[in-house]
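Read-outs: derived from the displayed coordinates by stated rules, not from any lab. On a predicted model such as this, the values are computed, not experimentally measured, just so you know. Here the Cβ is made from the backbone with ideal geometry for all residues, glycine too, and neighbour counts use every protein chain on show.
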Amino acid sequence: MFRVGLTGGIASGKTTVCLYFKEFGIDIFDADIIARELVEVDTPCYRKIVAQFGSSFLLADQSINRRQLRAFIFSDARAKQTLEDILHPVIHTELVARSALSQSAYCILAIPLLAESKIAYPLNRILAIDAPPKLQLQRLCKRDDLSVNTAQAMIDQQSPWAEKAAFTDDIIRNDQSIDQLKNQIINLHQHYLQLAKQAAVVAS
């Protein structure tokens, strides 16, 4: 299976890009979606999080208050690392296992914290979504109804763009029109189809 790792800063447009690739029939495996599944009530990761952070981060139905927990970890680097230590190894296992069952010409593993992760993924290609920090800030405040200070703290916790670009094979610039964004995706889709076909020939 030819795997493309998709990453980028928070609110850079990763979800939008994934939706366009999905329109081409490409399987998408999203680390954020898996993370939400892993913290459902009474799962192993849920129990570890509650044991580590306490019941003050639970809602009335006993589910984790993800908004409150996220705000907390982005203000405390040690807490953020603790949460990542709980979730990231399991997310890795799930992404690799699910993508191995993909039936599309290639598949995409959407991993927002790929640059920050200490875990190696079996990727054939890495695609990063780039957006100007000011635009990220505006999108994040609007999308999640956050204060500027909270949103900026979340952005500051992530790896600088230069670090992401250093190990990236391809880049999508998401600071222009939708049509320009789509054109970049179309070109990359054709490129990945060709690369996946070549890899399949070599493997055979």
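Compute, for segment 3-203, the length of the dipole vector about the Cα centre, with Cβ point charges of +1 (Lys, Arg) and -1 (Asp, Glu) only. Units Debye, rounded to 20. Provide the component values of the computation, followed by the final result.
Values: 22 positive and 22 negative charges, 23 e Å.
Dipole size: approximately 120 debye.
Subtract the Cα-Cα distance of residue 170 and residue 81 from 0.36 nm times their separation in residues, and report this length gain in nm to one decimal. Intermediate values should be presented prior to the final figure.
On the way: separation 89, 0.36 × 89 = 32.04 nm, distance 2.81 nm.
Length difference between fully extended and current span is 29.2 nm.
Here is the link list: 48/197; 22/142; 48/134; 164/197. Which ones come out longer than 31 Å on Cα distance?
Numbers: 48/197 42 Å; 22/142 25 Å; 48/134 36 Å; 164/197 27 Å.
48/197; 48/134, as the Cα separations exceed 31 Å there.
What per residue convex hull volume, in Å³, do the alpha-carbon atoms of segment 62-116 yield?
Working: hull volume 6.4 nm³, N = 55.
Per residue, the Cα convex hull of segment 62-116 comes to 117 Å³.
Shape call for segment 111-186 from the C-alpha gyration tensor, a ≥ b ≥ c root eigenvalues: rounded (a/c under 1.5), prolate (a/b greater than b/c) or oblate? Present the calculation step by step, with values, prior to reporting the outcome.
Numbers: a/c = 2.32, a/b = 1.19, b/c = 1.95.
Here segment 111-186 falls in the oblate category.
In whole Å, how far is the Cα centre of segment 1-46 from that of segment 146-204?
So the two Cα centres are separated by 13 Å.
Between 100, 86, 38, whose Cα lies farthest towards the positive end of the dipole of the chain when Lys and Arg beta carbons carry +1 and Asp and Glu beta carbons carry -1, centred on the Cα centre?
100
Just want the answer: with Cβ charges of +1 for Lys and Arg and -1 for Asp and Glu, which residue in 25, 52, 176 is farthest toward the dipole's positive end in segment 3-203?
Looking along the dipole axis, the top candidate is 176.
Starting from a Cα-only point model with no solvent, please compute log10 I(q)/I(0) by Debye for the chain at q = 0.07, 0.08, 0.12, 0.14 1/Å.
-0.22, -0.29, -0.66, -0.89
Between the DSSP loop rule and a limit of at most 10 other Cβ atoms within 10 Å, which trypsin sites (Lys or Arg not before Pro) in segment 88-183 are left? Provide the component values of the computation, followed by the final result.
Numbers: sites: 98, 118, 125, 134, 139, 142, 143, 164, 173, 182; in loops: 118.
Within segment 88-183, the qualifying trypsin sites (Lys or Arg not before Pro) (loop, at most 10 other Cβ atoms within 10 Å) are 118.
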